[in-house]
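> After the structure tokens below, expect a handful of questions from me.
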Amino acid sequence: MYTVAIVGRPNVGKSTLFNRLIGERKAIVDDVSGVTRDRQYGDSEWNGKTFHVIDTGGYVANGEEIFEKEIREQVLIALNEADVIVFVTDVTSGVIGLDEEFAQLLHRSTKPVLLVVNKVDNSRRQIDGTEFYSLGIEKIHFISSLSGSGTGDLLDDITSYMAKDTEMEESSLPKIAIVGQPNAGKSSLLNSLVGEQRNIVSEVAGTTRDSIHTHYKLYGKEFILIDTAGLRKKSAEKDNIEFYATIRAVKALEEADICLLMIDAEKGITSQDVNIFSLASRKGKGIVILVNKWDLIEKNTMTSKNYEEIIKRKIAPFTDVPIIFISATEKQRIHKAVEVALDVFDSRNQKIPTSKLNDIMLKEINHFPPPMYRGNAVSIKFVSQLPVVVPSFAFYCNHPTEIKEPYSHFLENKLRTHFNFKGVPLRLFFRKK
């Protein structure tokens, strides 16, 4: 599909325009400069044509702060990726030096550039906006991204560069979300896997505030990687941005098939890590635990085994989960992590033939039947896998309400023993036969 990049200096309304074009509140919108730090992707459809939209951090030409330098690099990457560039300015501040520097940068580009003068919501501002013709960009649009005024004409112009109709295909690729607390190394892992500075990486916690989707296609493997803002305790959510980022991370987790839960090896598994694990488990996501920064730990022959036992003790009772010790920055075992995640994806999607399921599970049940109920035997006669996304099994019996939790755990363990469901939460239901 064609790609459209929204660029410009900080705080001119790029994220608001991005949300308007894709039709949902995906980018974080706040009055604080520099909220959008990474490139943010979405899809837009207009007049039967579907295209990618990239929102970028605010461009600062000669900024010395760490994020300003990183944002500048991200904008340049977005410009390289784009087919059409939408340069956003702010009528309320008029043409300033940063706008002129940006315009000079865009004049060197061979790609179509559309100048957007934003926040034009009355006739007076329409007149004020004429000064932006001085930037020397031929195609100019006066819009209000907040109200939507003028965005239809802008979309007409954008799609005029698209030679033919395109259709967005529903992706059946595995979606793998990288989740965990802030500064656990999530963005470093994504960058090491993709081989480019796809996300901004710094030592400042909370750098990734939006969730970022990356299409990964290397070494015969293809999937969608989702890097998320770090999930932290509510007490640490000090402003609206942190609140929105947490919501965005939870939403990314919901749309994922598999979650790579990253734990900081130096800090160990914390209560918040366990909370994230429980959230992914409750939502039925496949889970792989990655212990990052393992290269910084002093080790002996039992270190990894003891560490693994501590993790399993804290995440019990669901302990049938792969645990891999990695270093994202040193690229230690990161490809193994991907292979295991794809194995978990296959396990989560497996459908067990009903005859095979009954042959195996009824033998186990007959060998160790459920406890009796008021002197009467509790009899399970039939088992079937339900046609739902999360692996779920229905056990048909004469007294379904009398199957207690310990026996349910026994049945789940037998399912895991005979069928590979490592890293996959299971759902068991007991129904009247």
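The values are calculated or read from the model by the stated rules, or taken from the named source; none is laboratory data. If you're wondering where the values come from, they're calculated on a predicted model, not measured in any experiment. With ideal geometry, Cβ positions are generated from the backbone for all residues, glycine too; neighbour counts draw on all protein chains shown. Heads up: the accessible areas ignore ligands, DNA and RNA and are worked out on the full protein's heavy atoms, side chains in. Shrake-Rupley method; radii C 1.70, N 1.55, O 1.52, S 1.80 Å.
> Arranged from highest to lowest average of other beta-carbon atoms within 10 Å per residue, in what order do the peptides 319-327, 345-353 appear?
319-327, 345-353
> Apply 1/(1 + (r/R0)^6) to the Cβ-Cβ distance of residue 427 and residue 160, taking R0 = 51 Å, and write down the FRET efficiency to the nearest 0.05.
Computed FRET efficiency for residue 427 and residue 160 comes out at 0.55.
> Now for a separate question. Tell me, what is the percent relative contact order of the range 259-338, built from C-alpha pairs under 8 Å that lie six or more residues apart?
Relative CO of the range 259-338 lands at 33 percent.
> Kindly provide the Kirkwood hydrodynamic radius of the range 356-409 in Å, to one decimal, from all pairs of distinct alpha carbon atoms.
12.0 Å is the Kirkwood radius here.
> On the first, second and third principal axes, largest extent first, how far apart are the outermost C-alpha atoms of the range 251-300 in Å?
Principal-axis extents of the Cα atoms in the range 251-300, largest first: 37, 19, 17 Å.
> Taking just the C-alpha trace of the range 391-433, give me its Rg and Dmax in Å.
10.7, 32
> Quote the convex hull volume per residue of the range 294-433, based on C-alpha atoms, as a whole number of Å³.
Hull volume normalised by residue count: 134 Å³.
> Let me ask something else. What whole-number value in Å² describes the accessible area per residue of the range 278-433 for a 1.4 Å probe?
53 Å²
> With each pseudo-label sitting 7 Å past Cα toward Cβ, what's the residue 153-residue 122 distance in nm, one decimal?
2.0 nm
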